[in-house]
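Down below is the structure, laid out as structure tokens.
FYI, it's all coordinate maths here, none of it is from the lab. If you're wondering where the values come from, they're calculated on a predicted model, not measured in any experiment. Because the Cβ atoms are built from the backbone with ideal geometry, glycine has one as well, and the counts that use them run over all protein chains shown.
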Amino acid sequence: MTPDKNVIAAELERSRARTALLTDAVDDDDLVQQHSPLMSPLVWDLAHVGNQEELWLVRDVGGREPVRQDIDHLYDAFKHARRDRPALPLLDPAEARRYIAQVRDKALDVLDRVRLDERPLVAGGFAFGMIVQHEQQHDETMLATHQLRAGEPVLTAAPPPPGDRRVRGEALIPGGPFTMGTDTDPWALDNERPAHVVDLPAFLIDVAPVTNAGYAAFIDAGGYDDPRWWSAKGWAHRQEAGLTAPLHWFPDGGAWLYRRFGRVSPLIPDEPVVHVCFHEAEAYAKWAGKRLPTEAEWEKAARWDPETGRSRRYPWGDDPPGPQHANLGQRHLAPAPVGAYPAGASPLGVHQLIGDVWEWTSTDWHGYPGFRVFPYAEYSEVFFGGDYKVLRGGSFGTDAAACRGTFRNWDHPVRRQIFSGFRCVRELA
Ligand SMILES: [Fe+2]
């Protein structure tokens with residue numbers, strides 16, 4: 001099923017509107033500043049999304065003359081580490097906005113003229129989908145930069161829907177084979193392919209992500225001071241980084257406050273915990289007598305339909321995510337409390353697998369059996385085998401275009417500026 005050109009153009013438009021929202025919210029000084037050494041200045045992300053669009057859609061798919069070949073090296077993520085980017089002779093905010101608009105005009109003209117069945121790069125609109133996802137992924141990164149930015153709040157959104165306390169406990173995922181990954185999703189990236197059968201023993205999985213209240217209990221029980229719960233690597237990191245609580249949490253008397261997009265408020269107990277690193281998630285799981293799921297366990301819980309034996313595109317079926325299914329796309333500026341999306345649950349009763357918080361898994365970043373680079377190794381393959389753990393499911397900051405039951409994300413196990421949380425599993429007793 002090839003999305004038609006109007007749908008593709010609308011998706012490009014939607015991603016650009018979000019980029020504009022995130023970059024128009026602050027002034028030029030703020031755009032060129034570095035809010036954390038972990039992040040690029042927002043103005044770098046702004047021109048970088050245009051530069052990738054130029055490379056792939058204008059030059060490669062369209063075969064057109066370069067717009068600004070002279071700036072390619074500035075916006076090549078492999079040439080300059082994030083911490084070094086503020087010192088580069090970057091386009092200023094006005095130039096960056098002009099540049100990405102110019103590129104977009106050309107890309108839309110290419111879309112008008114190209115035949116979407118001509119070659120693999122454009123089959124099913126893939127190259128356009130890749131650029132939509134790329135911009136949305138940078139929008140999520142920019143949202144994380146906003147979370148790290150000091151100063152007055154500039155972003156607003158409606159609060160997420162209320163939770164449901166009846167959603168608690170664990171769901172049984174029966175043993176047996178299921179199909180992991182995809183061969184057919186037109187905009188799936190190379191690392192989601194190919195589809196392959198994985199056989200798993202039965203396991204129990206938390207029906208919801210671990211909440212702030214659950215995580216606070218781990219802190220209260222002295223979890224950060226007890227090496228029994230931590231791996232050797234995790235404990236070394238906990239000591240060195242002086243970790244005592246999730247990022248953006250602050251003690252206030254006997255309670256916790258957190259800072260979110262410039263606003264400080266008391267913790268919401270039944271909201272999924274966010275801004276924890278892999279090591280913290282792993283330590284919590286051990287303390288709770290459980291462990292983190294493998295990536296395959298997560299995907300089976302999210303996609304496997306026990307009635308048909310088929311793997312669905314999403315936990316609720318094959319329909320694209322709507323506001324009733326999942327907390328995606330920065331519609332809200334926080335994870336939703338547990339139980340807020342009954343319509344998004346899997347057939348086996350597992351909730352909020354998609355949206356809210358990225359979920360750490362215990363799996364190292366790798367290619368599936370039969371992996372083939374498409375269309376370039378720098379998207380995923382160069383990271384295989386590195387010090388990365390897989391995260392699944394997307395967060396409140398992930399757009400639906402860049403989120404599927406098969407979508408895979410990865411990051412260093414110490415990172416927690418991302419919208420990362422987790423849930424636990426355990427073997428059947
Ligand atoms: Fe990028």
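Here are the numbers:
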item	result
Charge-dipole axis of the range 189-344 as Lys and Arg at +1 and Asp and Glu at -1 on Cβ define it, positive-most pick from W298, L243, P321	L243
Sorted peptide list for 406-416, 372-382, criterion being average Cβ within 10 angstrom, highest first	406-416, 372-382
Degrees separating the helix 93-113 axis from the principal Cα axis of the chain, which is the longest one	80 degrees
The range 44-121: chymotrypsin sites (Phe, Trp or Tyr not before Pro) in DSSP coil with no more than 11 other Cβ atoms inside 10 Å	F78
Eligible aspartates and glutamates near K5 by straight Cα distance, threshold 14 Å, same-chain separation 8 or greater	E13, D109, D112, D117
Relative packing of peptides 195-208, 297-310, 81-94 - highest average C-beta neighbours within 10 Å first	297-310, 195-208, 81-94
Net dipole in debye of the range 157-429 [+1 Lys, Arg Cβ; -1 Asp, Glu Cβ; about Cα centre; nearest 20]	360 debye
DSSP beta bridges in the range 323-414 [antiparallel fraction, %, rounded to 5]	90 percent
Antiparallel content of DSSP bridges confined to the chain, in %, to 5	90 percent
Dipole moment magnitude, nearest 20 debye, the range 5-148 about Cα centre, only Lys, Arg, Asp, Glu C-beta charged	360 debye
Per-peptide average of other Cβ atoms within 10 Å, ordering 397-405, 168-176 highest first	397-405, 168-176
